[in-house]
Amino acid sequence: MSLRQFEYALAVAAEGSVTAAAELLHVAQPSMSQQIRNLERDLGVTLFARTAAGLVPTAVGRAFLKEAEVAVSAARRARATARAGADDLVGELVVAAQLGFGTRQLPGALSVLRRRFPRLEVTVFEESSSAELDRLCRRGALGLALMAACKRSPANAHRLGEEEFVVVMGAGHRGLAADRVELRELEGEPWVRFDRDSALDGVLLEAARDDGLTPATVARVSQTATAVRWAAHGLGVTLVPASAVPRGYEHLARPVFPAVSQPVIAVVQSDSGPAATALLELLRQESWDSSASFHRSGAGEPHDEGAVVNAGEGAVVNAGEQLVLSGDRSFRRAFDDGAGPLRAG
């Protein structure tokens, strides 16, 4: 077995076909097919099943691919470390960010990193589940993970600051008349919520439970920007980290009283290499106090002309979002370890 075979298998799993994977990696299709067959023969298992939708990993194939991804990532980090000179970094840095956290700080830090090291390739993806991020960190698949702290946070976690949460409401909502909003005052309001297993939905459930609030679900979405825009259109209210509010929507957001916040940490593996360490230092230099920009400005009028379109425009439901038409239900908390949001006051 070789790392090249691992890379081929990962590409086939991602593309769903040998032909597409070969094109992606600029390899001849017959050669890739032969390498996949050789790999399956060496392992003594079938990694992929042929279906109408294309090639899909078998159960044992999925288990193998998880470990193959760790091995390939570790090899790339080792190669980047070996090539890194005193004034240059090359190779790939894989970063995962928990959905909604560091939305403004991470792009700023990455921009500086790329200007300093233009030969460095950075891959960033968002993950909503705390448990999945924790699993990826422990398996060594990431160079750096940006996430909310929890009781089971790894020992190699570095605290960056606090993310305060804000409520986003539609223009003209009565809550915009105050500098802060008490969640109990939103009883009976429809809520735009996040996926059931996401950390963000866990924050809402914990905060609502403390305030004796039962949030009525009108929609579930998978992206913070979608939740903010739907709330701005008047579909319902939503609770998001302050840094996740897109520019132009700050006038529709208010901090919560008592304050709801989450410590934000960065997890860097000991063998991640100099690129991850450099990004960590840049993240430490970012400002994590994002709630200061949310205050009253008139009666919820936009700061910029056209900042919020009318409810009839752009109201198409994305394929990745789920509209819930029924009433509220009982949902499992996103934090498997029982960690909830920190509340001041």
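May I ask you to say which residue of Val264, Val268, Val256 is in contact (Cβ under 8 Å) with a residue 40 or more places away in the chain, out of contact with any Cys (no Cβ under 8 Å at 6 or more places or on another chain) and under 15 Å from Val167 (Cβ atoms)?
Val256
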Inset, instruction - Pairs only if they're at least six apart or on different chains, beta carbon under 7 angstrom, first in region 11-34 and assigned to a helix (DSSP H, G or I), second polar (S, T, N, Q) and buried (at least 16 other Cβ atoms within 10 Å of the Cβ); list them, first residue then second. - result: Val18/Ser33
Legend entry - Contacts under 7 angstrom Cβ, first residue in region 114-128 being basic (Lys, Arg), partner surrounded by fewer than 14 Cβ atoms within 10 Å (Cβ to Cβ) and part of a loop (DSSP other than H, G, I, E, B), 6 or more apart: Arg119/Asp88
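Okay, residues lined up against (1) under 19 Å from Glu126 (Cβ atoms); (2) touching a His at 6+ places or on another chain (Cβ under 9 Å); (3) outside any helix (DSSP H, G or I):
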residue: Ala227; (1), (2), (3): yes, no, no
residue: Val240; (1), (2), (3): yes, no, yes
residue: Pro246; (1), (2), (3): yes, no, yes
residue: His251; (1), (2), (3): no, yes, no
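Just to check your reading of the model, which residue among Asp179, Asp195, Asp201 is open to solvent by 10 Å² or more (accessible area, probe 1.4 Å) and closer than 20 Å to Ala253 by Cα?
On the way: Asp195 fails: closer than 20 Å to Ala253 by Cα; Asp201 fails: open to solvent by 10 Å² or more (accessible area, probe 1.4 Å).
Result: Asp179 is the single residue among Asp179, Asp195, Asp201 that is open to solvent by 10 Å² or more (accessible area, probe 1.4 Å) and closer than 20 Å to Ala253 by Cα.
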Inset, instruction - Taking only region 129-184 into account, find how many residues are closer than 20 Å to Ser198 by Cβ, modelled with pLDDT of 80 or more and in a helix (DSSP H, G or I). - result: 1
Inset, instruction - Would you mind stating whether Ala9 is open to solvent by less than 30 Å² (accessible area, probe 1.4 Å) and among the small types (Gly, Ala, Ser)? - result: yes
Legend entry - Of the criteria (1) in a helix (DSSP H, G or I); (2) more than 22 Å from Ser129 (Cα to Cα); (3) in contact with a strand residue (DSSP E or B) (Cβ under 8 Å, 6 or more places away or on another chain), which one Pro255 fails: (1)
Inset, instruction - Hey, could you check region 94-127 for residues that are polar (S, T, N, Q) and open to solvent by less than 30 Å² (accessible area, probe 1.4 Å) and say which is farthest from Phe194 (Cα to Cα)? - result: Gln105
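The values are calculated or read from the model by the stated rules, or taken from the named source; none is laboratory data. Values in this document were obtained by computation on a predicted structure and should not be read as measured data. Methodologically, a virtual Cβ is constructed for each residue, glycine included, from the backbone with ideal geometry; neighbour enumeration extends over all protein chains shown. Please note that ligands, DNA and RNA were not included when accessible areas were found on the heavy atoms of the full protein model with its side chains. Shrake-Rupley method; radii C 1.70, N 1.55, O 1.52, S 1.80 Å.
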